[in-house]
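The values are calculated or read from the model by the stated rules, or taken from the named source; none is laboratory data. On a predicted model such as this, the values are computed, not experimentally measured, just so you know. Cβ: placed from backbone, ideal geometry, glycine included. Neighbour counts: every protein chain shown.
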Amino acid sequence: MRVGHSEVAGAGHGARAMTKRRRHARDARPWRAFGLVALLALGSTGTLVAQTPELYERAQADLASSDTAAALASLRQLTEDEPNYAPGWGLLGRVLTEIASGVGTDFKERREAEEALRRAIKLDSGSPIYFASLGKLMRKQQIYLDARRMLNRAISKLEEDPSRLTPEETAELWFQRGLFLEDEYLDGWHFHTMQPLPPVVTPECSQFGSFCMNFARPKNFNEYFLRAQDLSEDADDEFRAMVEAFEKALEADSAHAGAFRRLAIHYVDRGDYGQATGLARKFIGWAPEEPWGYLILGLVYQRTGRDSLAELQFDRGIANASDEIASHYRDVSNLLRVALADAYDRAPENQRKQLEDVLWRRSDPLYLTSENEVRVGHLARVAYADIMFEDPAEGTWGADTEQGVIYARYGEPARIWKIRRDPRLEASSLTSVGASGGGRWIFWNYGWEIPNFIFQKVSRWRHISHVTTSYSKGAEDEIRASVPAVFTTSFELVDLPAQMARFKGPVEGGGVVEVDFYAAIPAASILLPLAATADSLDSGFFIFAGPAYNTVVSQRLRLALKQQPQPISFSTALPPGRYEYRLEARASTEKAAARRGELELIAFPEDSLALSDIVLARSVAPKTRDPGQRRDFAIRVNQNSEFENDDPFALYWEVYGLESDRDGIGQYELVISVSDAEGKGVFASVIGALGSLVGAGDDKDGELVFERTVEVRGDRVPDYLELTLSDEPGLYRVRIRLTDRLSGETAEAERTFRLVSP
């Protein structure tokens with residue numbers, strides 16, 4: 001994937017509290033679809049007595065209506081009234097396990113859940129689902145050896161008597177087994193070993209805390225990783241075991257969204273897009289009403305450069321999602337500056353929608369295409385972050401985790417280094433570690449000479465956070481407060497050389513300004529490699545106005561394909577005002593060229609002297625005997641404003657409001673000056689000019705001074721000069737100062753250009 005120059009202007013803030021709207025969305029996390037409500041179908045096969053207790057049925061109804069508190073009250077009463085009823089204890093333990101937090105100090109639900117599940121196992125030791133639930137609970141408690149033992153016992157019980165479980169129960173058991181294996185795999189994926197370990201602190205940067213050299217001297221710090229050995233392949237056994245577990249979950253219940261998401265995202269993460277595509281298409285067939293198959297397809301298509309297909313799949317997924325999930329994917333608050341993000345979160349739905357539309361219109365990198373590649377890239381990032389960094393045990397949006405926030409804003413890191421946590425840091429109390437100790441440092445690198453984002457994790461614990469005692473979290477907050485989010489595109493976007501010039505519009509135009517854009521489509525940059533059937537390229541010219549970024553000009557042109565730079569021009573007339581413009585060209589799906597910028601149009605005066613913009617050209621020649629405006633000239637515009645020194649070049653401009661005598665003759669003095677980047681005048685020689693050169697002046701301070709006598713016809717007088725400039729390569733400025741001999745008025749215009757070596 002290549003990085004384009006498109007950006008969203010603005011950033012949120014890391015410390016900004018989640019709004020009520022987003023907190024509400026959190027309560028409907030997608031992985032809850034196989035959470036509390038799904039418990040209704042589980043844990044009953046072969047274990048019910050002849051008469052199901054009324055309290056058990058009431059608890060099931062409460063879970064169906066999402067009233068967890070009422071369900072727990074019914075189950076607790078049931079276990080008191082019928083202490084030998086295993087399903088009551090089992091469902092109580094499983095509901096408590098589902099809602100229990102993974103925070104180490106928050107153990108009330110976990111303790112009660114463990115007691116309930118052990119009672120259920122004592123009463124019905126043949127039920128695999130109770131062992132699986134206890135294993136899930138121990139995984140939340142980070143007691144991994146016991147969790148493995150319980151999950152293995154659950155698998156053994158299932159193999160002894162598969163009829164004890166419904167397909168949904170079987171799928172859940174294998175899903176929990178897959179999550180445990182995934183924890184092991186994630187510790188090994190991207191794992192590197194290195195000696196010596198990266199430096200922790202140095203005297204000159206100790207104020208940054210852990211790994212302060214990462215921020216004080218990032219290039220030197222990153223060089224330590226040149227000696228790191230990638231051991232990711234060592235995690236292949238865990239990967240295969242994890243895949244097998246998730247596949248078995250889908251074999252038992254093909255609509256198990258959790259197993260599909262976990263399996264598909266790892267195929268995507270490892271670049272196995274064929275497997276991910278096949279699995280997503282199968283899942284759409286199995287569960288067409290679920291959003292996840294479409295979102296995975298959209299992610300694959302975006303990564304493989306098929307943005308139009310990706311946008312179609314993302315939109316299908318969002319349309320299939322619940323209101324809460326759809327709102328989450330439309331949410332752009334993390335891409336906005338703090339004040340705008342707060343206003344966006346407080347705004348009613350219709351105003352949020354308007355802001356989203358404007359944001360995506362402004363950030364669209366290529367108007368030639370029907371899709372918005374930046375929006376597609378954003379949805380791909382959110383989908384990846386949501387699934388890759390989700391914790392099904394906690395019900396947290398992956399894009400809301402500390403890794404997910406960074407991924408959604410800046411995309412995939414260029415390099416990921418995961419190393420064993422340095423015992424020296426643990427001993428020095430520079431950071432806190434989890435109950436199981438050990439763990440990993442994770443470095444996300446976006447550039448060899450810029451600091452890494454640094455995260456920490458405990459072994460086999462999914463939760464990952466910034467190194468709290470380092471500058472990493474503070475740096476993220478600072479960046480988010482001021483730097484726009486940077487997006488990738490699936491194609492390479494190169495610069496489109498162009499020159500813009502403003503001219504007075506026709507008298508009947510009511511003060512409109514004519515704008516010409518002269519572009520040179522860079523064939524060598526965007527035409528290769530070409531598709532075998534490509535025989536044309538598309539170009540476009542677009543102008544936008546107002547805070548809503550409304551399109552006021554849209555011109556498209558298809559050209560025959562050539563292998564050399566192709567000059568192209570666009571012209572339009574607009575009322576005075578501020579605008580933004582886009583020039584674009586594309587010949588293949590892999591490369592495109594664009595030029596964008598701001599455009600300020602000020603009406604030319606009707607009754608006083610004025611000059612148009614100067615057009616820099618390789619040559620200018622009249623096409624008629626008495627040319628009256630720019631279209632009467634053959635102007636070979638130099639679109640990139642670069643000339644080789646000693647080569648001739650030309651200037652074209654128009655004079656407005658020139659006084660004339662009763663015979664229609666006007667006179668003016670013309671001063672041409674060229675200066676270098678430091679403002680020092682340089683010598684230029686005049687080769688050719690339009691009109692009569694009455695008397696050339698001296699070249700003092702690099703100025704050429706002479707007079708012209710012209711016949712004034714209409715509302716403008718065209719003029720040009722051809723010059724040569726012998727000087728060192730560099731940036732130069734040419735200035736024209738014109739004085740009307742009859743009125744005494746003066747007008748000026750200037751343009752910068754660059755001299756280059758032949």
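Tallying residues that are buried (at least 20 other Cβ atoms within 10 Å of the Cβ) and at pLDDT below 80 within the range 490-520 yields 1.
Looking at Leu583, Leu599, Leu557, Leu561, can you tell me which residue is without any contact (Cβ under 8 Å) to a residue 24 or more places away in the chain and either under 21 Å from Leu368 (Cβ atoms) or not hydrophobic (A, V, I, L, M, F, W, C) (or both)?
One residue alone meets the criteria, Leu557.
Residue check: Gly305 meets all listed conditions (1) on the phi < 0 side of the Ramachandran plot; (2) assigned to a loop (DSSP other than H, G, I, E, B) but one, namely (1).
The residue of the range 84-126 that is surrounded by the most Cβ atoms within 10 Å (Cβ to Cβ), among those that are in contact (Cβ under 8 Å) with a residue 24 or more places away in the chain, more than 30 Å from His463 (Cβ to Cβ) and not aliphatic (A, V, I, L, M), is Gly88. Residues that are surrounded by 19 or more Cβ atoms within 10 Å (Cβ to Cβ), more than 14 Å from Ile442 (Cβ to Cβ) and at pLDDT 80 or above within the range 185-215 comprise Tyr185, Met213, Phe215, listed in sequence order.
So which residues in the range 346-371 are exposed (fewer than 13 other Cβ atoms within 10 Å of the Cβ), part of a helix (DSSP H, G or I) and not polar (S, T, N, Q), if there are any at all? Residues satisfying the conditions are Arg346, Glu349, Lys353, Asp357. Identification of strands (runs of 3 or more DSSP E) wholly contained in the range 583-684 with 3 or more residues that are surrounded by fewer than 19 Cβ atoms within 10 Å (Cβ to Cβ) yields 591-601, 615-622, 665-676. Only a single criterion out of (1) farther than 17 Å from Trp397 by Cβ; (2) modelled with pLDDT under 90; (3) assigned to a helix (DSSP H, G or I); (4) of a type outside the set (A, V, I, L, M) is not satisfied by Asp315, namely (2).
To keep it simple, each residue is scored yes or no on (1) under 28 Å from the mean Cα position of the chain (by Cα); (2) surrounded by 15 or more Cβ atoms within 10 Å (Cβ to Cβ); (3) of a type in the set (Ser, Thr, Tyr); (4) modelled with pLDDT of 95 or more.
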{"residue": "Ser232", "(1), (2), (3), (4)": "yes, yes, yes, no"}
{"residue": "Glu238", "(1), (2), (3), (4)": "no, yes, no, no"}
{"residue": "Glu251", "(1), (2), (3), (4)": "no, no, no, yes"}
{"residue": "Ala259", "(1), (2), (3), (4)": "yes, yes, no, yes"}
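In this structure, does Pro622 turn out to be at pLDDT 90 or above and either under 39 Å from the mean Cα position of the chain (by Cα) or under 30 Å from Arg741 (Cβ atoms) (or both)? Before the answer, list the steps.
Details: at pLDDT 90 or above: yes; either under 39 Å from the mean Cα position of the chain (by Cα) or under 30 Å from Arg741 (Cβ atoms) (or both): yes.
Judged against the criteria, Pro622 is a match.
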